[in-house]
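Novice: Submitted below is the structure of interest, expressed as structure tokens.
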Amino acid sequence: MKLRANLIIGGALFALAILVGLLAPWLAHTDPVLDANLLNAEEAPSWTWWFGTDDQGRDIYSRVVYGARISLTVGIVSQLINSVIGVGLGLSAGYWGGWWDDFVNGLTNLMLAIPSLIFALAIMAVLGPGLTSLLIALGLTNWSFTCRIARASALSLKSQGYVQAATVLGYGDLRIMITQLLPNMLGPIVVIGTLGMGSAVLSEAALSFLGLGVRPPFPSWGSMLSDARDQITTAPWLSVFPGLAIFLTVLGLNLLGDGLRDILDPQSRSRRT
Amino acid sequence: MTGSPLIEVEDLRIDLNDGSRCVAAAEGISFRIDRGETFGLVGESGCGKSITALALIGLLRQPLSIGGGVIRFEGREIQQLSAAGQRELRGNRIAMIFQEPMTALNPVSPVGRQIAEMFVLHKGKSWREANQLAVEALASVRVPAPERRVKDYPHQLSGGMRQRVMIAIALACGPDLLIADEPTTALDVTVQAEIIELMRNLCAERGTAILMISHDLGLVANVCRRVAVMYAGRIVEERGSADIFRTPSHPYTQGLVASLPRLGSRAALGRTRLKEIAGVVPAITSFPDGCRFNPRCTRATDICRTAAPDTTWLGPGGFVRCHHHA
């Protein structure tokens, strides 16, 4: 039953983060961008200002709550792009083999050779900062692991009896890939996907920290950390709370990924029934 | 017997090409199956019977390929068909069931959906109609409570039930030919008989021809009207199934028949050893010259070691390839 603890805690943390993002307008005490009041600048956490205020008097609690929207959007959307690219390339490469497989393999090796953050930086440099370019940059740079796993699964699955049976029964290539191969490799893909979401949230933080992510004054957890670094000794709450939000979300996603891996393993599934 | 055959194989050769050299894994394969007929292909592991079946449905993959000969389905050459044309045949007109019902079903998809997919794929039905037809198909293979079973996953079914589902999938579109590759090898003996009976009855009802592939001569002769015996990539004898037991002609067939335990015989009672054929099947890369059975044959003479025997006709529809046939 220890498998379940992973899943429940991870799922709860991730669900909490999503809920906070969705309900931000109701949860926030003030507008995260407009409600600046220099009279309240750099207040320490208190009953009025739960997480304190920054040097412009903006409520950190409200900014963290709104920041969830951007950080999670980046995490989920960019990982979805990665999964689609990775599965599409890996699955077709493993199933078809031949020159296409060589090509995809070469591309994957290329992607693995370049640190993805550096590559994302280069893309951001071309596209300019902003949420859309952030999504594109992170969505195009982290598909290589998904691709590797999809390809390996396709290679081993295509020699399975039911895949051959499907060929014999007149299924076309696309139908075999979608109805026979994809559902059978979904477990590891979903696990990699949740873990990837965690690292995308971190990458967003890193890129925003470097000033390439979401433009101020809009809050994302990464950009808040970035803004807070000058005051880390005088007003530590500015970095602690967004940092905590990132930590809890990434922890939740990793636990969720681990838990999903345990229940999506076909062996443990057949044991349960 | 009259009219055009359903499927006709003429002088088929299957090459095994590992890049450096090319050997014939099977050659001189010729047979025909008429509509609604039952035909058996018997032989030991590696004699080329399964790759012959794969060649029929155009599914030989590297390193195997068709090296020569013609396969005609209803008069049309299968090799000449486009990939889409071949796919149209597979599952719809020619269906196949496999040895391992455990692995031949997709583990993550309910069995009803897998049956229904055949109607969607080949008959253009909507999913709603197809699901209804899937329940009927399950009922026709005598699966109890089919409306509940369609929602089951393969791992929830027993081996026999899974093979029934395979048969339902294979016969879903009313194919003209059912290829059964060792359909009962993985099943319990009692279930075997039920499955064979079911397959035979369903095919007889619908006029589906059966090509049954097995190493079990007794089983094949029981199901099929005609039987071809393969040895080391060649058909050595083809006879009516009653004849092959009564008057086996090729020394290999005689050996197979003699090695079957018979009820009440001294061997079956454990008093004497069962008959065996001395020696082992030659490897595919080192087939002997002449008749390929000669190193194991008690009747072999010099000619057997140099010349491959020609076809000798034994009455209508039966032949043997042996210099010294009985």
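Novice: Compute the length gained on full extension between A:Ala15 and A:Ile263: take 0.36 nm times their separation in residues and subtract their Cα-Cα distance, giving the result in nm to one decimal.
Specialist: Here the answer is 87.4 nm.
Novice: Nearest 500 deg cm²/dmol is fine: what mean residue ellipticity at 222 nm does the protein assembly as shown get from its DSSP H runs of n ≥ 4 alone, each adding -39,500 (n - 2.57), divided by its residue count?
Specialist: Taken over the protein assembly as shown, the calculation gives -16000 deg cm²/dmol.
Novice: Using Cα atoms only, what is the angle between the long axis of helix B:127-140 and the major principal axis of chain B, expressed in degrees (0 to 90) to the nearest 10?
Specialist: Helix B:127-140 and the main axis of chain B meet at about 50 degrees.
Novice: How crowded by other chains is B:101-107, given as the mean number of beta carbons from other chains within 10 Å of each beta carbon?
Specialist: If you average over the peptide's residues, the count of other-chain Cβ atoms is 6.
Novice: Let me see the P(r) profile for chain B: every Cα-Cα distance counted, bins of 10 Å, each bin given as a percent of all pairs.
Specialist: 6, 24, 32, 24, 11, 3, 0
Novice: Could you list, bin by bin from short to long, the percent of Cα-Cα pairs of the range B:177-231 in 10 Å steps?
Specialist: With a bin width of 10 Å, the distribution comes to 22, 60, 17, 0.
Novice: Still on this structure, please answer the following. Can you work out the FRET efficiency for the pair A:Asp31 and B:Arg61, with r the C-beta to C-beta distance and R0 = 56 Å, to the nearest 0.05?
Specialist: FRET efficiency, A:Asp31 to B:Arg61: 0.30.
Novice: Then there's this: Based on Cα coordinates alone, diagonalise the gyration tensor for the range A:33-148, multiply each eigenvalue by 5, take square roots, and list the semi-axes in whole Å, largest first.
Specialist: The three semi-axes for the range A:33-148 are 43, 14, 10 Å.
Novice: Please compute the length gained on full extension between B:Lys275 and B:Ser126, using 0.36 nm multiplied by the number of residues separating them and subtracting their Cα-Cα distance.
Specialist: 48.0 nm
Novice: Could the peptides A:123-129, B:273-279, B:96-102 be put in order, highest first, of the mean number of other beta-carbon atoms found within 10 Å of their residues?
Specialist: By packing density, highest mean first, the sequence is B:96-102, A:123-129, B:273-279.
Novice: Quote the convex hull volume per residue of the range A:158-261, based on C-alpha atoms, as a whole number of Å³.
Specialist: Dividing the Cα hull volume of the range A:158-261 by its residues yields 121 Å³.
Novice: Let me ask something else about it. Obtain the nm distance between the two label points defined at A:Leu110 and B:Arg21 by a simple spin-label model: each point lies 7 Å from its Cα along the Cα-to-C-beta direction.
Specialist: That separation, rounded to one decimal, is 4.2 nm.
Novice: The range B:18-54 to the range A:126-154: how many Å between their Cα centroids?
Specialist: Cα centroid to Cα centroid, the span is 48 Å.
Novice: Given C-alpha coordinates of the range A:98-174, what is the ratio Rg to Rh with the Kirkwood estimate of Rh?
Specialist: Reported Rg/Rh, Kirkwood definition of Rh: 1.17.
Novice: Another one. Which net charge results when you count Lys and Arg as +1 and Asp and Glu as -1 among the other residues whose beta-carbon is under 11 Å from that of B:Ser249?
Specialist: Neighbourhood net charge equals 0.
Novice: Another question about this same structure. As an exercise, use a Förster radius of 30 Å and the Cβ-Cβ distance of A:Arg4 and A:Leu186 to find the FRET efficiency, rounded to the nearest 0.05.
Specialist: 0.90
Novice: How crowded by other chains is A:166-178, given as the mean number of beta carbons from other chains within 10 Å of each beta carbon?
Specialist: That works out to 6 on average.
Novice: Rounding to the nearest 10 and keeping the result within 0 to 90°, find how far the Cα-based axis of helix A:237-264 lies from the longest principal axis of chain A.
Specialist: 20
Novice: What does the net charge come to around B:Leu274 if you take all other residues with beta carbon closer than 14 Å to its beta carbon, with K and R at +1 and D and E at -1?
Specialist: Charge balance in the 14 Å sphere: +4.
Novice: Points 7 angstrom from Cα along the Cβ direction at B:His324 and B:Glu10: gap in nanometres?
Specialist: Inter-label distance under the simple model: 3.5 nm.
Novice: Output the peptides A:192-201, B:33-42 sorted from most to least packed, where packing is the average of other Cβ atoms within 10 Å over each peptide's residues.
Specialist: A:192-201, B:33-42
Novice: If you wrap a convex hull around the alpha carbons of the protein assembly as shown, what volume per residue comes out, as a whole number of Å³?
Specialist: Convex hull volume per residue, Cα atoms: 207 Å³.
Novice: Here is a follow-up. Does the range B:25-110 come out rounded, prolate or oblate by the C-alpha gyration tensor, with a ≥ b ≥ c the root eigenvalues, rounded set by a/c under 1.5 and, if not, prolate when a/b is larger than b/c and oblate if not?
Specialist: rounded
Novice: Can you give the Rg to Rh ratio of the range B:46-163, both from alpha-carbon atoms, with Rh computed by the Kirkwood formula?
Specialist: Checking Rg against Rh, the ratio lands at 1.03.
Novice: Convex hull over the Cα atoms of the range A:85-124, averaged projected area in nm²?
Specialist: If you wrap the Cα atoms of the range A:85-124 in a convex hull and average its projections, you get 2.9 nm².
Novice: Mind ranking B:214-223, B:247-256 by how tightly packed they are, going by the mean number of other C-beta atoms within 10 angstrom, highest first?
Specialist: B:247-256, B:214-223
Novice: How large is log10 of I(q)/I(0) for chain A at q = 0.09, 0.10, 0.12 Å⁻¹ when the intensity is taken from the Debye formula with one equal scatterer per alpha-carbon?
Specialist: Taken in order of the listed q values, log10 I(q)/I(0) reads -0.50, -0.60, -0.80.
Novice: Could you tell me what % of all Cα pairs in the range B:195-286 have separations over 19 Å?
Specialist: Summing the P(r) of the range B:195-286 above 19 Å gives 51 percent of all pairs.
Novice: How large a share of the accessible area of the protein assembly as shown, in percent, is made up of carbon and sulfur atoms when the probe is 1.4 Å and the other protein chains stay in place?
Specialist: Carbon and sulfur atoms account for 60 percent of the accessible area of the protein assembly as shown.
Novice: If you fit an axis through the alpha-carbon atoms of helix A:182-209 and take the longest principal axis of the Cα set of chain A, what angle between them do you get, 0 to 90°, nearest 10?
Specialist: Approximately 30 degrees, to the nearest ten.
Novice: Something else about it: Net charge around A:Gln180, counting only other residues with Cβ within less than 13 Å of its Cβ (Lys, Arg = +1; Asp, Glu = -1)?
Specialist: +1
The values are calculated or read from the model by the stated rules, or taken from the named source; none is laboratory data. Keep in mind the model is a prediction, meaning the values are calculated, not measured. Here Cβ is always computed from backbone atoms with ideal geometry, including for glycine, and neighbour counts include all displayed protein chains. Heavy atoms of the whole protein, side chains included, go into the accessibility calculation; ligands, DNA and RNA do not. Shrake-Rupley method; radii C 1.70, N 1.55, O 1.52, S 1.80 Å.
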